[in-house]
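Step one of this worksheet: look at the structure below.
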Amino acid sequence: MGGMRIGSALSTNPNSLEAAGEALSRALASLEGEAPQLTLLFFSVHHLPVIDKIAEVAAKAAAPGTLLGCTAQAVVGDGREVEEGPAFSVWTANLGGAVIEPFTLAVADTDDGPTALGLPVIDPETKAVILLGDPYTFPAEVLEQLSADGPAVPIIGGMASGGRGPGRHALVLDGHVRSFGAVGVTLGGDVRIETLVSQGCRPIGASYIVTAAEGNVIHSLAGSPPLERLRDLFAGLSPEDQERANRGLHIGVVIDEYATEFGPGDFLIRNVIGADQNTGAVAVGDDVHVGQTVQFHIRDASAADEDLRSALGVLELSRTGDPNPLAGALMFTCNGRGSHLFGTPDHDIDTVRRSIGQLPVAGMFCAGEIGQVGGKNFLHGFTASLALFIAPAPAP
C-alpha cells in the first residue's frame with residue numbers, strides 16, 4: 001500500500017480564474033509530486049458566472065484523478081471559515097491504495113413515483129461515500145437506498161448552499177457542471193476513513209411518545225396536543241432558553257427505538273415548521289410515525305461546542321495506540337452554525353484543528369449535512385460532519 005498525501009488551499013482573490021489557479025496549484029504542490037486521485041472544490045456564489053471554465057481548468061489540473069465540487073454559502077480552508085465575500089477552497093489527495101468511483105444522481109418521475117437514477121455500487125469493499133447534492137432536487141430517500149446496499153458504509157457530505165432558489169447551485173464532477181441531483185464518489189480498496197457527526201442542539205423538557213400523527217404533522221404527544229405540551233414546557237424554561245426557543249424550535253426523533261435513555265447523538269434533529277392554534281398540532285420537517293419517541297430541542301452554542309469537542313475526544317481515544325497518523329479531513333458544517341450561532345468566526349475549524357493539529361482541512365457550510373448517527377446515514381441540520389482520512393502506518 002502506498003502512502004497518503006493530502007493538500008488544501010484557500011484563495012479569497014475576487015478574480016475567479018486566478019483564485020481557482022492559486023488554490024489548485026498550492027494544494028497540488030503539497031502532494032509532493034504524487035498524482036492527485038481525488039480533488040474537491042468548494043466555492044462561493046461569487047464564482048458561479050465562470051464555473052464552467054473553472055471546472056474545465058480544474059479537471060485538467062486534477063487529472064488523472066476525480067474532481068468533485070459545489071457552491072457554498074461559506075467556504076472552509078486554510079484554518080478559516082470565510083462567511084463573507086469571494087472564497088475558493090481546494091482539497092486534494094493521493095490516497096495510496098484507494099479505489100475511487102465517481103457517480104452522478106438524477107431523479108426521474110416514473111409511474112411508481114420519483115426514482116433515483118445512477119445509484120453507485122456499494123459492495124463489501126466500499127469504505128465510505130462522499131456525496132454533494134442540490135438541496136432542491138436531492139431526494140433524501142436515496143440515503144436509505146444506498147444504506148440498504150451497505151448498511152455500515154458511512155455517507156458523508158452535504159447539500160450545496162448559497163444559491164438563491166432552485167437551479168442556482170453548481171455541482172461539479174470532473175469537467176462537467178450540473179444544477180440538480182447529486183455528484184459523489186465511492187471510496188474503496190486500501191483506505192481508512194473515520195466519520196463523526198456532532199449536533200448543535202440540546203433537548204428541553206421531557207421526551208414523549210407520538211400517539212397520533214399523519215405525514216409530517218404530529219397531532220398528539222402522549223395523549224395531548226403537542227402545542228399544549230410545548231406551552232407547559234415553555235413556562236418552565238429559563239428566560240435565556242425561552243429566547244432560544246423563540247428564535248428556532250426543533251424536534252429530536254429518537255433513532256434507536258429500543259433505547260430507554262437518550263443523550264446527545266440519539267436524536268435526529270428536525271425543524272418545527274408550523275403549528276395549528278386550533279387543534280394544537282405541530283408540523284415538523286420530516287415524516288413522523290405513531291410510536292416514535294420525540295423531544296423538543298433548541299439550538300445552543302455551548303451545547304454545539306461541547307458536542308463537537310466530545311466527539312473529537314471520543315475519536316482521539318479510539319485512536320490511542322494506533323500507529324496510523326491522521327492525514328487530513330473534510331468538514332461539512334451547517335450554514336446555521338458559524339458566527340450566527342457562536343458569535344465568533346472559525347469556531348468549528350478552530351475546534352477541529354485544536355484536536356487534530358494543523359492538518360489540511362477543507363469544506364463548506366451546507367444546506368443540510370450528511371453523516372452517520374447510530375449506524376444509519378441521514379440528512380441533518382445544525383451538525384458538523386467530518387470525514388477524517390487515516391494514513392497507513394509508516395514502514396518500520
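The values are calculated or read from the model by the stated rules, or taken from the named source; none is laboratory data. Computed from a prediction, not measured in an experiment: that's the story for all the values here. Here the Cβ is made from the backbone with ideal geometry for all residues, glycine too, and neighbour counts use every protein chain on show.
Results, tabulated for the structure shown:
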{"quantity": "Helices (runs of 4 or more DSSP H) lying entirely in the range 292-393 (those with 2 or more residues that are assigned by TED's automatic domain parsing to the domain that holds THR39 and under 22 Å from CYS70 (Cβ atoms))", "calculated": "338-342, 347-356"}
{"quantity": "Qualifying position, being crowded, with 21+ Cβ neighbours inside 10 Å, in contact with a strand residue (DSSP E or B) (Cβ under 9 Å, 6 or more places away or on another chain) and over 30 Å from LYS53 (Cα atoms), among ALA206, ALA213, ALA170", "calculated": "ALA213"}
{"quantity": "Within the range 110-119, considering residues that are touching a strand residue (DSSP E or B) at 6+ places or on another chain (Cβ under 7 Å) and in a strand (DSSP E or B), the one farthest from LEU388 (Cα to Cα)", "calculated": "PRO114"}
{"quantity": "Residue check for GLY285: within 21 Å of LEU196 (Cβ to Cβ) and out of contact with any Asp or Glu (no Cβ under 8 Å at 6 or more places or on another chain)", "calculated": "no"}
{"quantity": "Residue match in the range 129-151 (condition: within 16 Å of GLU101 (Cβ to Cβ), over 17 Å from the mean Cα position of the chain (by Cα) and not in a strand (DSSP E or B))", "calculated": "yes"}
{"quantity": "Subset of the range 35-56 [within 18 Å of GLY7 (Cα to Cα) and among the hydrophobic types (A, V, I, L, M, F, W, C)]", "calculated": "ALA35, LEU38, LEU40, LEU41, PHE42, PHE43"}
{"quantity": "GLY374 vs. criteria of a type in the set (Gly, Ala, Ser), at pLDDT below 95 and either within 24 Å of GLU257 (Cα to Cα) or touching a helix residue (DSSP H, G or I) at 6+ places or on another chain (Cβ under 7 Å) (or both)", "calculated": "yes"}
{"quantity": "Some residue of the range 80-90 being modelled with pLDDT of 95 or more and aromatic (Phe, Trp, Tyr)", "calculated": "yes"}
{"quantity": "Residues located in the range 36-53, provided they are more than 22 Å from ALA329 (Cα to Cα) and either in contact with a Phe, Trp or Tyr (Cβ under 7 Å, 6 or more places away or on another chain) or free of Cβ contacts under 8 Å to residues at least 40 places away in the same chain (or both)", "calculated": "HIS47, PRO49, VAL50, LYS53"}
{"quantity": "Candidates VAL99, VAL107 - the one that is farther than 26 Å from LEU388 by Cα and more than 19 Å from the chain's Cα centre (by Cα)", "calculated": "VAL107"}
{"quantity": "Of all residues making up the range 60-116, the number that are in contact (Cβ under 8 Å) with a residue 40 or more places away in the chain, of a type in the set (Asp, Glu) and closer than 21 Å to GLU18 by Cβ", "calculated": "1"}
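Here's the yes/no breakdown for (1) among the acidic types (Asp, Glu); (2) surrounded by 21 or more Cβ atoms within 10 Å (Cβ to Cβ); (3) not assigned by TED's automatic domain parsing to the domain that holds PHE342:
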{"residue": "GLU22", "(1), (2), (3)": "yes, no, no"}
{"residue": "SER44", "(1), (2), (3)": "no, yes, no"}
{"residue": "LYS53", "(1), (2), (3)": "no, no, no"}
{"residue": "LYS60", "(1), (2), (3)": "no, no, no"}
{"residue": "THR71", "(1), (2), (3)": "no, yes, no"}
{"residue": "ARG80", "(1), (2), (3)": "no, no, no"}
{"residue": "GLY85", "(1), (2), (3)": "no, no, no"}
{"residue": "SER89", "(1), (2), (3)": "no, yes, no"}
{"residue": "GLY96", "(1), (2), (3)": "no, no, no"}
